[in-house]
Amino acid sequence: MLQLFSHPFSSYCQKVLIALWEKEIPFAYRNLEEPEAAAERASLWPLGRFPVLLDGGQAVAESSIIIEHLDLHHAGAVRLIPQDARAALEVRFMDRFFDNYVMDVMTKPVFEAIKGEPGRTDLALAEARPALDTAYAWLEDRLKGRFWAAGEEFGMADCAAAPSLFYADWVHEIAPRFGRLREYRAQLLARPSFARAVEEARPYRSYFPLGAPDRD
């Protein structure tokens, strides 16, 4: 059986969890709160990042690569990357957009707050807010006429979008002028796979160093 070394509160872990639950693939959840799981993850992937998927004797790292691996080797209930090359390129592009221009931007002030240096946290927040507004504005335009991130089908880009937008809204709230983006975030929260991820992460909200807001 597949093993996923993961933490419920991690955005990148949630991205892979959504994919596994969407595909209805059985797997063993190795929660990194458990010392044994954390130690084994470190032995499989010593670069300190997670999630890590163990498939037989093969360790697969990086969330997008894990989802690509699942589509190639574990078809499950659905495909998350289209077989059509042009459609697949759009899914991959949107996946990278959410990771690079939303998720990574959002995490910089979070990491500074974890370090406990208020001045650096304030600076990181000051840099993140306009960057996120730029991403929000681009997404507002891109999502018009689309139900999901890359079209009419839920896919890898939406697996990336769900935790990206969920936590980004905590760091810098998506303004009312981005109405379609706010609607899309609500669609993601209503998706059973992501709703499950949110609920399983709820006990860990005290970990959020900027103070988790009273909203999902």
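The values are calculated or read from the model by the stated rules, or taken from the named source; none is laboratory data. Values in this document were obtained by computation on a predicted structure and should not be read as measured data. Note that we place each Cβ from the backbone using ideal geometry, even for glycine, and neighbour counts take in every protein chain shown. In case anyone asks, the SASA skips ligands and DNA or RNA and just uses the protein heavy atoms, side chains included. Shrake-Rupley method; radii C 1.70, N 1.55, O 1.52, S 1.80 Å.
Counting only residues 5 or more places away or on other chains, whose amide H sits under 5 Å from the amide H of Val52 once H atoms are built in the peptide plane?
Phe5
Rounded to the nearest 500, what is the chain's calculated 222 nm mean residue ellipticity when only DSSP H runs of at least 4 contribute -39500 (n - 2.57) each, over all residues?
Rounded to the nearest 500, the figure is -18000 deg cm²/dmol.
Tally Lys/Arg at +1 and Asp/Glu at -1 over every other residue whose Cβ is under 11 Å from the Cβ of Val78; what's the total? Don't skip to the end; give the middle numbers.
Values: positive: Lys23, Arg79; negative: Glu22, Glu24, Asp71, Glu153.
Charge balance in the 11 Å sphere: -2.
Keeping all protein chains in the complex and leaving out DNA, RNA and ligands, what accessible area do you get for Phe147 with a 1.4 Å probe, in Å² to the nearest 10?
That residue has around 100 Å² of solvent-accessible surface.
Region 68-216: percent of C-alpha pairs farther apart than 22 Å? If you can, show how the numbers build up before the last one.
Numbers: 4698 of 11026 pairs.
Percent of Cα pairs beyond 22 Å in region 68-216: 43.
Rank-order 26-36, 157-167, 61-71 by packing density, defined as the average count of other C-beta atoms within 10 Å over each peptide's residues, highest first.
Numbers: 26-36: 13.8, 157-167: 27.5, 61-71: 20.7.
Answer by packing, highest mean first, reads 157-167, 61-71, 26-36.
Of all DSSP beta bridges in the chain, what percent run antiparallel (nearest 5)? Intermediate results must be reported in sequence, preceding the final value.
Numbers: 8 of 13 bridges.
Counting only bridges with both partners in the chain, antiparallel ones make up about 60 percent.
Apply the Karplus parameterisation 6.51 cos²θ - 1.76 cosθ + 1.60, with θ equal to phi minus 60°, to every residue of region 178-185 and state each ³J(HN,Hα) to the nearest whole Hz, in sequence, with x for glycine and proline.
9, x, 5, 5, 5, 5, 5, 4
Give me the number: length gained by fully extending Tyr29 to Glu183, i.e. 0.36 nm times residue separation minus the C-alpha to C-alpha distance, one decimal in nm. Please report the intermediate quantities before stating the final value.
Details: separation 154, 0.36 × 154 = 55.44 nm, distance 3.09 nm.
Contour length minus Cα-Cα distance gives 52.3 nm.
For the pair Arg196 and Arg142, what calculated FRET efficiency results from E = 1/(1 + (r/R0)^6), where r is the Cβ-Cβ distance and R0 = 41 Å, to the nearest 0.05? Intermediate results must be reported in sequence, preceding the final value.
Details: r = 27 Å, r/R0 = 0.65.
After rounding, the FRET efficiency stands at 0.95.
For region 98-124 and region 1-52, what is the separation of their C-alpha centers, rounded to whole Å?
Going from one Cα centre to the other spans 23 Å.
Apply the Karplus parameterisation 6.51 cos²θ - 1.76 cosθ + 1.60, with θ equal to phi minus 60°, to every residue of region 53-61 and state each ³J(HN,Hα) to the nearest whole Hz, in sequence, with x for glycine and proline.
Those phi angles translate into 9, 10, 10, x, x, 9, 8, 10, 10 Hz.
Quick one: work out Rg over Rh on the C-alpha atoms of region 134-197, Rh as Kirkwood radius. Mind showing how you got there, number by number?
Details: Rg = 10.9 Å, Rh = 11.8 Å.
My calculation of the ratio gives 0.93.
May I have the convex hull volume per residue, in Å³, for the Cα set of region 1-139? Mind dumping the intermediate values first?
Working: hull volume 16.2 nm³, N = 139.
Spread over its residues, the Cα hull of region 1-139 gives 117 Å³ apiece.
Each residue of region 155-172 in order: what ³J(HN,Hα) in whole Hz does its phi give by Karplus 6.51 cos²θ - 1.76 cosθ + 1.60, θ = phi - 60°, with x for Gly and Pro?
Coupling constants for region 155-172: x, 4, 4, 6, 4, 6, 5, 4, x, 4, 6, 4, 7, 4, 5, 6, 6, 8 Hz.
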